Amino acid sequence: MQPKDPTADIAIIGGGPAGLMAAEVLAAAGHAVTVFDAKPSVGRKFLLAGKGGLNLTHSEPFEPFVARFGERATHIEPLLRSFDGDALRDWAAGLGVETFVGTSGRVFPKDLKAAPLLRAWLHRLRAAGVKFAMRHRWTGWDHDAALRFDTPDGERLVTPHATLLALGGASWPQLGSDGAWVERLAARGVDVAPLHPANCGFDVGRTAAHAEGPGWSERFATEFAGQPIKPVALETEGFANRAGEFVFTATGIEGSLVYAASSRLREQIARTGSATLHLDLLPQLAPERVLAEVKHPRGSRSLSSHLKSRLHLNPLKLGLLHELLTREQMLDPATLAAAMKHLPLTLQAPRPVAEAISTAGGVRFEALTQGLMLKALPGVFVAGEMLDWEAPTGGYLLTASMASGRAAAAGLAAWLTS
Ligand SMILES: Cc1cc2nc3c(=O)[nH]c(=O)nc-3n(C[C@H](O)[C@H](O)[C@H](O)COP(=O)(O)OP(=O)(O)OC[C@H]3O[C@@H](n4cnc5c(N)ncnc54)[C@H](O)[C@@H]3O)c2cc1C
């Protein structure tokens, strides 16, 4: 191993929010930092997040914020103590980007854009001396422990004093993070929890209208794929009834309410082979009222026009009932009314991780020192979504990625001077 040097050159591999945050901290501490990235430019997923308004963080108090990280909350808490939602907002303001709190408590830049923030950030990093080596795909270490990079000019070997990996998870691989690091680290004795889709969509199982399933009947998919359902409430094992909205896809469901329940649904499928959720199609109405309206004499009207006029059910909700209930169930008022308030839907698989918003699994915290250094590989630090944590959407992903980037950088700086 090379001698330690308090102002050494450092390789940060991965130029997402975690790697860039680490670069900022280390450059400020006087280190010579180079950010390597496989892509022609950094921050591609960050820019994509900007298409949805760039939900930077959440304004809720610290305790519930930390609780969003579920089983990993104890590991994430110390990272967030050093860099929480308020700190993130101050940091953005320091780059000239003011933020606001939306009605849901989520925090966004005032212009809802990622590009101006990333531009100002990169400008400040370059001014602090950070170097960028693009089109450098890290492929592992050679036998002398040099970092190996595939570049357009062939292989390049780099021997920094310390390395910080911020390679992201495995979602949206076209933006750079493909999870190829899992095998590389596992081969070096690093304990990595398998990567799974998080905040993801799901494929449905068999439906009444498509008994030979799985999947929606062709009729339902053709008519309703791409359409949002709202208002609706969803509940499943471990996920209490919550109102919101989601979207139907050609093979299943996706969108914010589904993402919120996704870790529970994924675990259920892993455990039992399928997951069942229940939908309340009329969350604003009590069950008794729904039953009374369904039972109201309908004269010569069709059942569909009766439900439309008495309960304002739109074509999508009607279509969903026809898709999931048998004819007999549709014609029995008590069963139909009960189903509108508690409609079971079976899911058979999460969509692939490549389509997910984020990734669960990654380098286990037990494989790391408190400073986020790999115990199996001294001098190699890890940050961001490649760590084994998951959280719902709401700004928690970016906040934890950035907070862990800062923590790993601090750990690295301390290791160099120790
Ligand atoms: C559609 C979408 C919308 C999102 N919206 C939000 C949001 O509004 N709010 C929120 O909090 N989160 C959001 N997220 C999640 C958030 O963007 C990620 O959690 C965050 O970007 C993770 O940061 P990271 O630095 O760990 O990894 P990444 O941002 O994935 O960066 C990893 C970097 O490593 C590079 N890399 C990977 N492998 C190699 C290699 N072998 N060699 C060299 N470089 C490599 C990649 O090119 C990439 O630049 C969204 C995600 C998606 C997909």
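The values are calculated or read from the model by the stated rules, or taken from the named source; none is laboratory data. What you are looking at is a predicted structure, and each value in this text was computed from that prediction instead of being measured. A quick note on method: Cβ atoms are made from the backbone with ideal geometry, for glycine too, and the neighbour counts reach across all protein chains shown. Ligands, DNA and RNA are excluded from the accessible area calculation, which covers all protein heavy atoms including side chains. Shrake-Rupley method; radii C 1.70, N 1.55, O 1.52, S 1.80 Å.
Taking the Cα-to-Cβ direction at ALA67 and at LYS308 and moving 7 Å from each Cα, how far apart do the two end points lie in nm?
4.4 nm
What does the extension gain come out to for ALA127 and SER300, with contour length at 0.36 nm per residue minus their alpha carbon separation?
This chain segment gains 54.7 nm when fully extended.
GNM, the chain, Cα, under 10 Å: largest mean-square fluctuation among GLY50, GLY179, GLY226?
GLY226
So for region 209-275, averaging the separation of alpha carbon pairs under 8 Å that are six or more residues apart and normalising by length, what relative contact order in percent results?
Worked out over region 209-275, it gives 25 percent.
Hey, rough spin-label estimate for ASP191 and SER82, points 7 angstrom out along Cα→Cβ, what's it come to in nanometres?
About 2.2 nm, to one decimal.
Tell me the mean residue ellipticity at 222 nm calculated for the chain from its helices only (DSSP H runs of n ≥ 4, each -39500 (n - 2.57), averaged over every residue, nearest 500). Please report the intermediate quantities before stating the final value.
Details: 15 runs with 154 residues, N = 418.
Dividing the helical sum by the residues of the chain leaves -11000 deg cm²/dmol.
Find, among the trypsin sites (Lys or Arg not before Pro) in region 120-221, those assigned to loop by DSSP (not H, G, I, E, B) with at most 11 other beta-carbon atoms within 10 angstrom.
Nothing satisfies the criteria.
Normalised by the number of residues in region 338-418, what is the relative contact order in percent for Cα pairs under 8 Å and 6+ residues apart?
27 percent
Express the carbon and sulfur contribution to the solvent-accessible surface of the chain as a percent, rounded to the nearest whole number, probe 1.4 angstrom.
52 percent
With a 1.4 Å probe and all protein chains left in place, how much accessible area per residue does the chain have, in Å²? Could the numbers behind the result be given before it?
Details: 18400 Å² over 418 residues.
Accessible area per residue: 44 Å².
What are the DSSP H helices in the chain that stretch 27 Å or more along their long axis, judged by alpha-carbon atoms, and whose average Kyte-Doolittle hydropathy comes to at least -0.5?
For the chain, where a helix must reach 27 Å along its axis and average at least -0.5, the hits are 396-417.
So what's the projected area for the chain, the Cα convex hull averaged over all directions, in nm²?
22.4 nm²
Please find the FRET efficiency linking ASN241 to ASP150, where r is the Cβ-Cβ separation and R0 is fixed at 56 Å, and quote it to the nearest 0.05.
The formula returns an efficiency of 0.65 here.
FRET efficiency for ARG289 and LYS51, Cβ-Cβ distance as r, R0 = 51 Å, nearest 0.05?
On the way: r = 40 Å, r/R0 = 0.79.
The value I calculate is 0.80.
Stretch GLU223-ARG184 to full length: gain in nm at 0.36 nm per residue minus the Cα-Cα span?
Value of the extension gain: 9.5 nm.
Could you check the simple spin-label distance between ALA115 and ARG271, using points 7 Å along Cα→Cβ, in nm with one decimal?
Taking the two extended label points, one gets 4.6 nm.
If the chain between ASP332 and ALA32 were fully stretched, how many nm would it gain, using 0.36 nm times the residue separation less the Cα-Cα distance?
100.7 nm
Between SER171, SER59, SER309, find the one with the highest GNM mean-square fluctuation for the chain; connect C-alpha pairs within less than 10 Å.
Residue with maximal mean-square fluctuation among SER171, SER59, SER309: SER309.
I need to check one value: relative contact order of region 258-405, counting alpha carbon pairs closer than 8 Å and at least 6 residues apart, in percent.
Numbers: 140 pairs, mean separation 37.4, N = 148.
Computed over region 258-405, the figure is 25 percent.
Pairs LYS230/LYS295; LYS113/LYS375; LYS51/LYS308; LYS51/LYS341; LYS51/LYS230: which are spaced more than 27 Å apart, C-alpha to C-alpha?
On the way: LYS230/LYS295 24 Å; LYS113/LYS375 39 Å; LYS51/LYS308 35 Å; LYS51/LYS341 34 Å; LYS51/LYS230 22 Å.
Pairs exceeding the cut-off: LYS113/LYS375; LYS51/LYS308; LYS51/LYS341.
Of MET402, MET134, MET373, which is the most mobile in a GNM of the chain whose springs link Cα atoms less than 10 angstrom apart?
Maximum among the listed residues: MET134.
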